[in-house]
Amino acid sequence: MKEQYTLGKFVIELFMIILAVLFFFPLYLTFVNGFKKYNEVMASTASLPESFQFSNFVTVWQQIHFPGVFANSLIITVASVMGILLISSAAAYQLVRSPGIVSHVIFLVILSSLVIPFQSMMIPLVKVAKDFHLINSLYGMILMYLGFGTPLALFLYHGFVKGIPIELEEAATIDGSSTVGVFFRILLPLLAPITTTIAILHTLWIWNDFLLPFIMLSAKANQTIPLATYVYFGEYTNQWHLALAALTLAIVPIIIFFLVMQRYIIQGITAGAVKG
């Protein structure tokens, strides 16, 4: 029995190592080829660079005006995530604490948007955004991310709120706290695990998103990092060495953010599953 257990454990660990290598390999290719010359990238993609070309990063920094596009991505991501957290948590609280057919229908209608492919909404979205003057604006992007990101966040919050004892809120109400006070002082601190999880997942999505900025932001001054990087992919030539250097600059901040916050993802999802 002991030999079988040891063999089974070895097979599982070996499988996980292989899986980790497969997931890490694209990151390796991105980092390594960002330091190569164009000819080196074309000749041998997986090899280490003959000499590290730090000039690639200097060129990218200047050509795409990296501080500006970084600021755009940061503003859109932070504002969108904060708005999603506030709106979806408040909506989940109200829907859970006001049970009935109306709340149930509203919840289902909001969740139904999760099954609609984004590609089917692209043309109507551009038309509506143009009518409301949301094209080529950071606040327009933030509003759209609020709309697309709230349903999933609401779903996660909804299951978590149901597991919080209502007696805590009733006690605070007896002590004279208002509904808003109960939400911010009692409920919101208890939602910290799932709030952290939602914040991480939506930050990774919004920061790396390309398609929505591509159809909404044409002005260079408002471009995000993924959109600005697209300049290195032309109809006839692709400047892979510069494109990969730009991608390296783009993913380093989000990788650091993810490594710092990753332990909260499992905690939040596990807590939400138990409480829901």
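The values are calculated or read from the model by the stated rules, or taken from the named source; none is laboratory data. Note that this is a predicted model, so its numbers are computed, not measured. Neighbour counts run over all protein chains shown; Cβ positions are idealised from the backbone, glycine included. Note: areas computed on protein heavy atoms with side chains; ligands, DNA, RNA excluded. Shrake-Rupley method; radii C 1.70, N 1.55, O 1.52, S 1.80 Å.
When all C-alpha to C-alpha distances in the stretch 27-159 are sorted into bins of 5 Å, what percent of pairs does each bin hold, rounded to whole numbers?
Answer for the stretch 27-159: a P(r) of 2, 9, 12, 12, 12, 11, 10, 10, 9, 6, 3, 2, 1, 0 percent.
Let me have the 222 nm mean residue ellipticity of the chain computed from DSSP H runs of 4+ only, each contributing -39500 (n - 2.57), with the sum over all residues rounded to the nearest 500.
Calculated from helices alone, the mean residue ellipticity at 222 nm is -24000 deg cm²/dmol.
Using only Cα atoms, what is the ratio of the radius of gyration of the stretch 150-238 to 2.2 N^0.38 Å?
Its radius of gyration relative to the 2.2 N^0.38 Å reference: 1.73.
Enter the angle in degrees (range 0 to 90, nearest 10) between the Cα long axis of helix 192-208 and the first principal axis of the Cα atoms of the chain, meaning the one along which they spread out most.
30
Averaged per residue, what accessible area in Å² does the chain show with a 1.4 Å probe, protein chains only?
Averaged over the residues of the chain, the accessible area is 59 Å².
How tilted is helix 101-112 with respect to the longest principal axis of the chain? Cα atoms for both, answer in degrees (0 to 90, nearest 10).
Helix 101-112 sits at roughly 10 degrees to that axis.
Round to the nearest 10 and report in Å² the accessible area of residue 51, as given by a 1.4 Å probe over the protein chains' heavy atoms.
Accessible area of residue 51: about 50 Å².
Treating the angle as unsigned and between 0 and 90°, give the value, to the nearest 10°, between the Cα long axis of helix 2-33 and the longest Cα principal axis of the chain.
Rounded to the nearest ten degrees, it is 60.
Taking only the C-alpha atoms, wrap a convex hull around the chain and report its volume per residue in Å³ as a whole number.
Considering the Cα atoms of the chain, their hull volume per residue is 207 Å³.
Can you send over the carbon and sulfur percentage of the accessible area for the chain, probe radius 1.4 Å, protein chains only?
72
Mind checking which aspartates and glutamates have their Cα closer than 17 Å to the Cα of residue 220? Skip sequence neighbours fewer than 8 apart in that chain.
Partners within reach: 209.
Counting Lys +1, Arg +1, Asp -1, Glu -1, what net charge surrounds residue 69 among other residues with beta carbon under 14 Å of its beta carbon?
Around residue 69, the charge tally is 0.
Among 169, 40, 50, which one shows the biggest mean-square fluctuation in a GNM of the chain, springs joining Cα atoms closer than 10 Å?
Answer for the Gaussian network model of the chain: 50.
If I stretch the segment between residue 231 and residue 39 completely, what's the gain in nm (0.36 nm per residue apart, minus their alpha carbon distance), one decimal?
Extra length from residue 231 to residue 39 when fully extended: 67.2 nm.
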